[in-house]
Amino acid sequence: MTSGERRLAKRLEQQLDEDHLLWYDVPIGPKQTHPDFVVLHPRRGLLILETKDWRLDTIQSATPQRWDILADAEPGAGFVRRDGGRRDPRGRPAADPLRLLLALLA
């Protein structure tokens, strides 16, 4: 669990009603994908959250297809970096929750 995921988990645990169920990094769907968080409420439904542990000052630019992150971004994040670092094979981090939801429904 990254530091950003820990911070979000703590906030979710503090803020969600007792009616909510909260899971972290559980396999879902036939492909066993692992969203960061799954929140379930009996009346409100399902919420899938993917945490990007970036500070605002590390994001150089963002489009639906590509995110440019400064070199001090979290190691192993895999996204495009201006210093010639790694590229995320998905290339669209904002689409992760939809991809995970579709995996759950498949």
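Among the strands (runs of 3 or more DSSP E) lying completely within segment 30-71, list those that include at least 3 residues that are more than 17 Å from Leu8 (Cβ to Cβ) and touching a residue at least 40 places away in the same chain (Cβ under 8 Å). Quick ask: steps written out before the conclusion?
Details: elements: 37-41, 45-49, 59-62, 67-69.
Ranges flagged: none.
Looking at segment 53-69, can you tell me whether even one residue there is surrounded by 11 or more Cβ atoms within 10 Å (Cβ to Cβ), of a type in the set (A, V, I, L, M, F, W, C), modelled with pLDDT of 85 or more and within 18 Å of Asp96 (Cα to Cα)?
The first filter runs over segment 53-69 and keeps only residues surrounded by 11 or more Cβ atoms within 10 Å (Cβ to Cβ), leaving 53-55, 58-60, 62, 66-69.
Applying the additional criterion that residues be of a type in the set (A, V, I, L, M, F, W, C) yields 54, 59, 62, 67, 69.
The next check asks that each one be modelled with pLDDT of 85 or more; those that pass are none.
Within segment 53-69, not a single residue is surrounded by 11 or more Cβ atoms within 10 Å (Cβ to Cβ), of a type in the set (A, V, I, L, M, F, W, C), modelled with pLDDT of 85 or more and within 18 Å of Asp96 (Cα to Cα).
Would you say Leu105 is exposed (fewer than 14 other Cβ atoms within 10 Å of the Cβ), under 15 Å from the mean Cα position of the chain (by Cα) and either of a type in the set (Val, Ile, Thr) or modelled with pLDDT under 75 (or both)?
no
Determine the pairs where a residue that is within 20 Å of Pro97 (Cα to Cα) and at pLDDT below 95, located within segment 4-25, has a partner that is of a type in the set (D, E, K, R) and surrounded by 15 or more Cβ atoms within 10 Å (Cβ to Cβ) with Cβ atoms under 7 Å apart, the partner being 6 or more residues away or on another chain.
These pairs meet every condition: Gly4/Asp53; Glu5/Asp36; Glu5/Asp53; Tyr24/Asp36; Asp25/Asp36.
The values are calculated or read from the model by the stated rules, or taken from the named source; none is laboratory data. Because the structure is a prediction, the values reported are computed rather than measured. Heads up, the Cβs are rebuilt from the backbone with ideal geometry, glycines too, and the neighbour counts pull from every protein chain shown.
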